[in-house]
Structure formats: C-alpha cells, structure tokens
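Here the structure comes first, spelled out in structure tokens, and everything after it is commentary.
The values are calculated or read from the model by the stated rules, or taken from the named source; none is laboratory data. Just so we're clear, the structure is a prediction, and the values are computed from it rather than from any experiment. No Cβ is skipped: glycine too gets one built from the backbone with ideal geometry, and neighbour counts run over all protein chains shown. Calculation scope for accessible area: heavy atoms of the full protein, side chains included, ligands and nucleic acids excluded. Shrake-Rupley method; radii C 1.70, N 1.55, O 1.52, S 1.80 Å.
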Amino acid sequence: MQQYFKLLFALLFLIMFTAACSNETNTDQSAAQHKNISLTISAAASLKDALTDIQKQYEKKHPNIDLKFNFGASGSLQQQITNGAPVDLFFSAAEDKFDALVKAGAISKENGTDLVGNDLVLIVPKNNTSAITNFEDLSKPAVQKIALGIPESVPAGQYAKETFEHMNLWKNIEPKTVYAKDVRQVLSYVETGNVEAGVVYKTDALISKKVKIVATADNSTHKPIVYPVGVIKDSKHPQEAKAFYQFLQSKTALDTLKKYGFTAH
C-alpha cells in the first residue's frame, strides 16, 4: 500500500511539472508574439513628411512595431543596402536604383511595386524679385547659382539634368550649378537665398512656405518619375516587413501620399 501511494505521488508530481512547463512555454510564446519589433525603412528624402504621417497611422494600429526611417538620396541608400546595411524595406525615388537591387537579388520582384509618382518643378525664394519665370530664364547671365541634386545619386538631379539636356540648356546651366546631397538640401539652399533657383519635386516645394513654384517640367523632357517600394530579402523580420509593405499599398497610405502631392501610379 505504501508503495502504491509513493507511485501515485510521483505520478501527480510529474503531471504538475509537465503542466507548469507547458504554461511557461505558452507564456514565452505569447511574450514573443507581443515583443516590440523594429523595422528600418530606407526612403528617398522627398518622402519624409508623408512617411512621418504614415508612421503615426501604422504604429497606432500596431503598437508592437517601431518604424525607423533612414532618409537620403536614393542612390546613396541603394549603395548602403548593396554594402550590407541592415534594412527591411527600400522606398526609392527612381526605378533604376530600385531595379539595381532587384537585379542583384536583394529584392524579389514579387515583393516590390511601383507605388506613386511625382512632378519636377523649378523653385525660387518666395520674396525673390528676379525675373525667373521658366527653365529657359536660368541660362541668362544674370542668374549665377542654381541648386540641383547630384545627378549620379539624387534622382531629382538626374531628372533635372535630363530636362536641361532635352531643352538644350545644360551647357549654359552646368557652370552655375551648386550640387546638393538630396532634394531637401536643394530646398534649403533656395529657402535661405544661397542660390537664385533650384529644381526639386513638387512634393518638396509644397511643404515650404519660403519658396514658390515658377515652372513645372514637361513629363516628355525626362524619364517617368516613379517611386518603387519593396521588401529586402535579408530582412530579419520578413513577415512584419511584408505587412508594412502591404499597408503602404492601402487606401489609407495612398491617400496620405496624395495629400503631400504624390500622384497615383
């Protein structure tokens, strides 16, 4: 009888121990599901204001997701990713920078899409009294400094150069050019009056009260301005990255992008 009670006690102890371990495992799994996850998105500088709004919308609905943005020139961001920078999504202002990563195998075609478009505009300081009213005026001797993004790394600078070449103005404009690391720096140069004019995206011009748009480049003068976005293959959080990628294609996100001047693609 004593042996029977010993056996029964041992069996009860084993059942209680197994249940405790199971509860601990479930608790760990539950904690893992609610663990804060940080996603890094490398995005063109021109997207800063729109994505800051989208960040608030997304994090409110997904409190366990922390979105971190690395804003800059698309070409520079592409190089960072190529060199192994830990990034989860890439939101480019140019197809060629994005396509280079697809070709290199860093982004799968099925996890990338052309999301929005933009317009290229000529801006001057708001209180400027100069006679710059169109792109042709930039070739006049009276105009001394014009700000552009570096064409090799800044898509807006590349589109601007294409426009000037198409209009046979580049030869006169190139010597006057002050190069900037991204469109936001071009905007800053114009706002402070360090240059007489600059070429940026319409979305950049619309956020500033210190500049005015005097001309918009005809779409036929440059390659189509397309903003592709995609998930990086080496993302440490592929499911969460894919979820945010899909949110960017939602009506909520697209309406926010349109509010800042981006066009539907």
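A few remarks follow.
- Loop-located GluC sites (Glu not before Pro) in region 89-170 (DSSP state other than H, G, I, E, B) with a sparse environment of at most 12 neighbouring Cβ atoms within 10 Å: GLU152.
- Each label point was placed 7 Å from the Cα along the Cα-to-Cβ direction; for ASP66 and ASN83 their separation is 2.5 nm.
- Between ASN168 and ASP218, full extension at 0.36 nm per residue minus the direct alpha carbon distance yields a gain of 16.6 nm.
- Dividing the helix sum by the residues of the chain, where each DSSP H run of 4 or more adds -39500 (n - 2.57), gives a mean residue ellipticity at 222 nm of -13000 deg cm²/dmol.
- By the rule of a C-alpha distance below 13 Å, with chain neighbours fewer than 8 residues away ignored, the aspartates and glutamates paired with LYS212 are GLU191, GLU196, ASP204.
- Sequence-distant lysines (8 or more away, or on other chains) whose Cα lies within less than 17 Å of LYS48: LYS56, LYS68, LYS181, LYS202, LYS209, LYS258, LYS259
- For region 202-265, trypsin sites (Lys or Arg not before Pro) are listed when DSSP marks them as loop and at most 11 other Cβ atoms sit within 10 Å of their Cβ; the list is LYS209.
- Only aspartates and glutamates eight or more places from LYS161 in sequence, or on another chain, were considered; those with a Cα closer than 14 Å are GLU136, GLU152, GLU174, ASP218.
- Percent accessible area from carbon and sulfur atoms, the chain, protein chains only, probe 1.4 Å: 53 percent
- Normalised convex hull volume, region 80-230, alpha-carbon set, Å³ per residue: 115 Å³
- Charge dipole (Cα centre; +1 on Lys/Arg Cβ, -1 on Asp/Glu Cβ; no other charges) of region 108-265 amounts to roughly 380 debye.
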